[in-house]
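Okay, so here's the structure we're looking at.
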Amino acid sequence: MAEKKGLLKRLAEGQIWTSIFRGGGVPQSRRQRMMVVLNSVFLHLHPVRLPKHAVKLKFTWCMGGLSFFLFLIETISGILLMFYYRPTIEYAYPDIIDLAEQVPFGIMREVHRWGAHAMVITVWLHMFRVFMTGSYKPPREFNWSIGVILLLLTLLLSFTGYLLPWDQLAIWAITVGSNMARATPFLGHEGPGAALLAIGDINFVTVASDVRFALIGGRFLGEATLLRFYVLHCIGLPFIIMIFMSVHFWRIRKDGGISTPV
Amino acid sequence: MEGFKHLIDSLTKPTILVTFTFIIFFFLFPPSDWFDKWHRRLRFNALWGKKALLIINVLLVAFFIFGLGDPDFRAIVLKPDNVPISGLIFLVFFFTWLSMNQAYKNDELVEAGKPVDEHYDAPNDKVLVWPDLVYVEFICLILFSAFMMVWSIGLAAPLEEPANPSESPNPSKAPWYFLGLQEMLVYFDPWMAGVVLPSLIIVGLMAIPYMDNNPEGSGYYSYKDRKLSIAMFMFGWLVLWVLLIVIGTFLRGPNWNFFGPFEYWDSHKLEALTNVNLSEFIYVKLFNTGLPGNILLREIWGLLIILGYFMILPPLLAKTWLKDMYLKMGVARYSVFIVLIITALTLPIKMYLRWMFNLKYIIAIPEYFFNF
């Protein structure tokens, strides 16, 4: 006589479940547990098996994973924020006020902002952990460099987002930051060497053509700056960071997974 | 009470705080055997034991609780965007401790001829991702999400007055993770502090694996076999990165003047400072003449010093003090490494020149926006 199956088990072996999760059933044997990872597009970021120290929090600190998780949180909360926010000088600030006061469950901006701060910190700590375990040594040198670029992109994402509320905190922080671009060697109009890029009396690098002008879309912070930062923050930089993230994760696997003592 | 606050205020003056950090730092993270000897003699290695973790955390928490009773301290620490930095202080200490603790344990294991903690016997010691890793990730994710929700409900994101280009706040601060750069602006022109040095930080970080050709210590926490590289990374990360951010956040007030953590941010605080350039030192103070009209003649001394610093010092070091390192690294690695290091060292050098001699620029050619 066949043994009586529980509801969960019957579900797991039913047509719907087995069609969604390839293989189906509750993974119990070693082989089935390996197949779970291999058969899932999300889980197969992981290897099937890994060294035992790789699952210990005291070794990994989980900071790389948390950075990625925070990127997802930022993406989701950011998409929700985009429903309510219009990047114009006229509307940006009132939209932020509305977001807090009119929108039900209005903590999306908090999640987004604190998540951004947290992401900067987790990325730094991830870098610190990787350094302290010597995990940047061959064959992982290049992946470390990719990681540094990801750190830079994280900071730039945070920086471009800082302007969007269009309050005093935002514009003056960005003013401090973008004023430095004036002084870029050769490319900023107050930078060393900029005067050399001239033919006769005609300067090529002026206040209306230098790198700061390109960054903020004008001679002063204004409408164009807000739009530029908005597009960079929502589309441009996420697009770039996703490319580098893919390479970063792919290289972790290709370079032999988590680092181990030789 | 007030006496203690005054003591803290004066101890956190950048001159004292930074000097103290510089002096003690390499005894905490010894880069060579000599420092290591003193590190152990001074019993600093006890810092990475469990007892020290407890004591320091209790002291840190006590300091914050005590500080929150003070209105000036409260105003700066509880500013919404500064809350993550208070958290950062605890996190950085905890994770530094955690890594050093494991590194010292592994060093002892290696010394005793035993395998390190992370040692594994491939392929027998492997575990399955499902369920061993997946559930760790899942729990982390849930706990962290809960933490983010509590943080977001408990603390509103900052929103100040609507933007007003005609009214600049005093001080205007960059976002906190760039405050290290803003701090450098005190000592360098924007082209250095805002453009060249940040680029070099990124390039230097990317170059670490190519400069460090020591094969030891890959894949496990360790200290002994990688003293120099860890000590230098720690210096860059803890001092030039985290400490500068903490100073920029908590200790810089109106007019970018320095204020102790318990000091009132008085925008009328006067810091009588007349900074002079090297050329003025030499021609005006030393020779008692006016500055020469010719730019090259005027700045020749500064140019010579800088040229010597960047062109003569590296080969000189390679021949003498850093001979072993030069031989181990080879020309290309050594050149990149030494240029990055002596460029980073210009920051503390310029800090001290400013504090001791009020020196503004070594080379000052404002005509071409070239000041160093």
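Listed by first and then second residue, the pairs linking a residue in the stretch A:190-210 that is closer than 13 Å to residue B:368 by Cα to a residue that is assigned to a loop (DSSP other than H, G, I, E, B) and among the β-branched types (Val, Ile, Thr), with Cβ atoms under 6 Å apart and 6 or more places separating them unless they lie on different chains, are A:191/A:184; A:194/A:205; A:197/A:205. Residues in the stretch A:125-142 that are touching a Phe, Trp or Tyr at 6+ places or on another chain (Cβ under 8 Å) and in a helix (DSSP H, G or I): A:125, A:126, A:128, A:129, A:130, A:131, A:132, A:141. Restricting the stretch A:178-226 to residues that are in contact with a helix residue (DSSP H, G or I) (Cβ under 7 Å, 6 or more places away or on another chain), assigned to a loop (DSSP other than H, G, I, E, B) and over 21 Å from residue B:193 (Cα atoms), the residue that is nearest to the other protein chains (Cβ to nearest Cβ) is A:221. Of all the residues in the stretch A:160-177, those that are facing chain B (nearest Cβ under 7 Å), buried (at least 22 other Cβ atoms within 10 Å of the Cβ) and in contact (Cβ under 8 Å) with a residue 12 or more places away in the chain number 4.
Restricting B:162, B:190, B:169 to residues that are touching a helix residue (DSSP H, G or I) at 6+ places or on another chain (Cβ under 6 Å), at the interface with another protein chain (Cβ under 7 Å from one of its Cβ atoms), buried (at least 20 other Cβ atoms within 10 Å of the Cβ) and not basic (Lys, Arg) narrows the list to B:190. Scanning for something charged (D, E, K, R) and either more than 10 Å from chain B (Cβ to nearest Cβ) or within 24 Å of the chain's Cα centre (by Cα) (or both), does the stretch A:65-79 turn up at least one residue? Looking through the stretch A:65-79, at least one residue is charged (D, E, K, R) and either more than 10 Å from chain B (Cβ to nearest Cβ) or within 24 Å of the chain's Cα centre (by Cα) (or both).
Rundown of residues vs (1) closer than 28 Å to residue B:182 by Cα; (2) crowded, with 16+ Cβ neighbours inside 10 Å; (3) in contact with a Phe, Trp or Tyr (Cβ under 9 Å, 6 or more places away or on another chain), yes/no style:
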| site | (1), (2), (3) |
| --- | --- |
| B:307 | yes, no, no |
| B:310 | yes, no, no |
| B:321 | no, no, no |
| B:326 | no, yes, yes |
| B:339 | yes, no, yes |
| B:343 | yes, yes, yes |
| B:351 | yes, yes, yes |
| B:358 | yes, no, no |
| B:364 | yes, yes, yes |
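Cβ-Cβ distances below 8 Å connect the following pairs, each with a first residue in the stretch B:350-362 that is on the phi > 0 side of the Ramachandran plot, a second residue that is assigned to a strand (DSSP E or B), and a separation of six or more residues or different chains: B:358/B:276. For the stretch A:110-138, the set of residues classified as more than 7 Å from chain B (Cβ to nearest Cβ) and under 15 Å from residue B:212 (Cβ atoms) consists of A:127, A:130, A:138, listed by residue number. One residue stands out in the stretch B:204-213 among those that are in contact (Cβ under 8 Å) with a residue 24 or more places away in the chain and within 18 Å of the chain's Cα centre (by Cα): the one that is nearest to the other protein chains (Cβ to nearest Cβ), namely B:208.
Of all residues assigned to the stretch A:58-71, none qualifies as being out of contact with any Leu (no Cβ under 9 Å at 6 or more places or on another chain), loosely packed, with under 15 Cβ neighbours inside 10 Å and either at pLDDT 90 or above or part of a helix (DSSP H, G or I) (or both).
Residues in the stretch B:125-140 that are within 18 Å of residue A:59 (Cβ to Cβ), facing chain A (nearest Cβ under 7 Å), of a type outside the set (Val, Ile, Thr) and in a helix (DSSP H, G or I): B:132, B:133, B:137, B:140. Can we say residue B:107 is more than 7 Å from every other protein chain (Cβ to nearest Cβ), charged (D, E, K, R), under 29 Å from residue A:131 (Cβ atoms) and touching a helix residue (DSSP H, G or I) at 6+ places or on another chain (Cβ under 8 Å)? Spelling it out, residue B:107 is indeed more than 7 Å from every other protein chain (Cβ to nearest Cβ), charged (D, E, K, R), under 29 Å from residue A:131 (Cβ atoms) and touching a helix residue (DSSP H, G or I) at 6+ places or on another chain (Cβ under 8 Å). Taking the stretch B:1-89 and the helices (runs of 4 or more DSSP H) fully enclosed by it, the elements with 2 or more residues that are over 30 Å from residue A:114 (Cα atoms) and under 24 Å from the mean Cα position of the chain (by Cα) are at B:2-11, B:14-28, B:33-41. Based on this model, can you work out whether residue B:216 counts as touching a strand residue (DSSP E or B) at 6+ places or on another chain (Cβ under 8 Å), more than 22 Å from residue A:215 (Cα to Cα) and more than 7 Å from every other protein chain (Cβ to nearest Cβ)? No: the conditions fail for residue B:216. Could you please let me know if residue B:136 is assigned by TED's automatic domain parsing to the domain that holds residue B:99, hydrophobic (A, V, I, L, M, F, W, C), buried (at least 16 other Cβ atoms within 10 Å of the Cβ) and at pLDDT 90 or above? No, not satisfied. None of A:74, A:90, A:110 is among the charged types (D, E, K, R), assigned to a loop (DSSP other than H, G, I, E, B) and under 20 Å from residue A:161 (Cα atoms) except A:90. Would you point out which residue out of B:122, B:156, B:146 is at the interface with chain A (Cβ under 7 Å from one of its Cβ atoms) and either surrounded by fewer than 19 Cβ atoms within 10 Å (Cβ to Cβ) or assigned to a loop (DSSP other than H, G, I, E, B) (or both)? Exactly one residue qualifies, and that residue is B:156.
The values are calculated or read from the model by the stated rules, or taken from the named source; none is laboratory data. Just so you know, these numbers come straight off a predicted model, no measurement behind them. Quick reminder, even Gly has a Cβ in these numbers, built from the backbone with ideal geometry, and neighbours come from all protein chains shown.
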